[in-house]
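The values are calculated or read from the model by the stated rules, or taken from the named source; none is laboratory data. Since the structure is predicted, the reported quantities are computational estimates derived from the model, not experimental observations. Glycine gets a Cβ as well: all are built from the backbone with ideal geometry, and neighbour counts include every protein chain shown.
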């Protein structure tokens, strides 16, 4: 892999300052430097500030190993097997600290094995161990503990540490290889990242085919940056994403939940959705939904797009959002289709069909994106309330208003009504009015419902 060398951009030639970091990020950097290590703010916080945006993520990189980082902070815990990281916690704020990554060639692996591992082999009688044996075992152990790749070339473990130059070469895009030095407020630019920011073009470090095989998530990161930062995807990079989109199926479902949340809940979900579809990336993420999106004028396509536009507006207006609503919308029509199949094939009531189809669809989706229970349970509740909101059964309407998922289910019905029209639209408008009127007017609205007349008691026949 290529080795990069930095251009030093002095303090007066850029707009970033120490005050742009959170106090705790600055504290972490200064503590590491005080202990004799090199440490820099890197990635998103530098990129966003230089692009005129307020940074939200603050990542730190250092030449200290994870164990050395932990020794510097009492409030530190080490996480991850695939990437060994340090999380330093200050209340709700977590500062993520990574060690400089190195290259994955044989020399790096040998150097990464501790001397103790080799000395333990050297204790064997000389006749039973050679230098080649020691080297081979060191290589095998390093492959198991520090670095490993799948058959497709994907990095499944990446704990080879190196220099800052190697770390820069290991980063995905040129604008993410910008390192901010808090000691003199200069920026180290290893890959012409400043030029990428100036031209608004996404440029990958290294060969895109190889880099996407190493970590397919880089493809959806490219889409996210293009949409969120209003940057251009060069044609060659765009074509490479389309060709390698199938590699996303190799990513563990648990990892994809966070990545997809960042992707679609960043305030630019609608344009991101269309970009994912264009680059063949929606199929490996939502295999149940994609077959229903062949026509941009279909209710399925319009429903998802309208939901994402509304979510984007809520984010820009600093209103609350939840991933549960996102997944409820993405999987609603696949679930509805399964429920209809069960109704006709097994002749079961709609309510039971929806319950079984909900479990089935969420299970199938979890094989691609693992949805935590704190979100999958609300998804099922939103779906389950749709039938009750549509029927509007007498005084049960008053009880529904107190249901903890009523607001989310109502918003969901409103979206469906706006897309599908007809009875759904009429029911959504009824609920809109029902929430706004007085208690007395609510009783009147309930009495006017077609199915609100009191049920007549059946007279018992007299005993013979």
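Structure above, values below:
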| quantity | calculated |
| --- | --- |
| Strands (runs of 3 or more DSSP E) contained entirely in region 13-85, each with at least 3 residues that are surrounded by fewer than 16 Cβ atoms within 10 Å (Cβ to Cβ) | 76-79 |
| Scope region 344-356; condition over 20 Å from residue 382 (Cα atoms) and either surrounded by 12 or more Cβ atoms within 10 Å (Cβ to Cβ) or in contact with a strand residue (DSSP E or B) (Cβ under 9 Å, 6 or more places away or on another chain) (or both); matching residues | 348 |
| Near pairs, Cβ below 6 angstrom, 6+ apart or cross-chain, from region 58-71 (touching a residue at least 40 places away in the same chain (Cβ under 8 Å)) to any residue that is buried (at least 20 other Cβ atoms within 10 Å of the Cβ) | 61/40; 61/42; 61/98; 63/100; 65/99 |
| Residues that are in a loop (DSSP other than H, G, I, E, B), closer than 24 Å to residue 360 by Cα and touching a helix residue (DSSP H, G or I) at 6+ places or on another chain (Cβ under 7 Å), drawn from region 269-297 | 281, 286, 288, 289, 293 |
| Count of residues meeting criterion [surrounded by fewer than 19 Cβ atoms within 10 Å (Cβ to Cβ), more than 30 Å from the chain's Cα centre (by Cα) and under 20 Å from residue 327 (Cβ atoms)] in region 375-419 | 1 |
| Scope region 314-340; condition surrounded by 13 or more Cβ atoms within 10 Å (Cβ to Cβ) and more than 20 Å from residue 419 (Cβ to Cβ); matching residues | 315, 322, 323 |
| Breaking point among (1) out of contact with any strand residue (DSSP E or B) (no Cβ under 7 Å at 6 or more places or on another chain); (2) over 30 Å from residue 31 (Cα atoms), for residue 165 | (2) |
| Test: residue 274 is outside the structural domain of residue 360 (by TED's automatic domain parsing) and surrounded by fewer than 20 Cβ atoms within 10 Å (Cβ to Cβ) | yes |
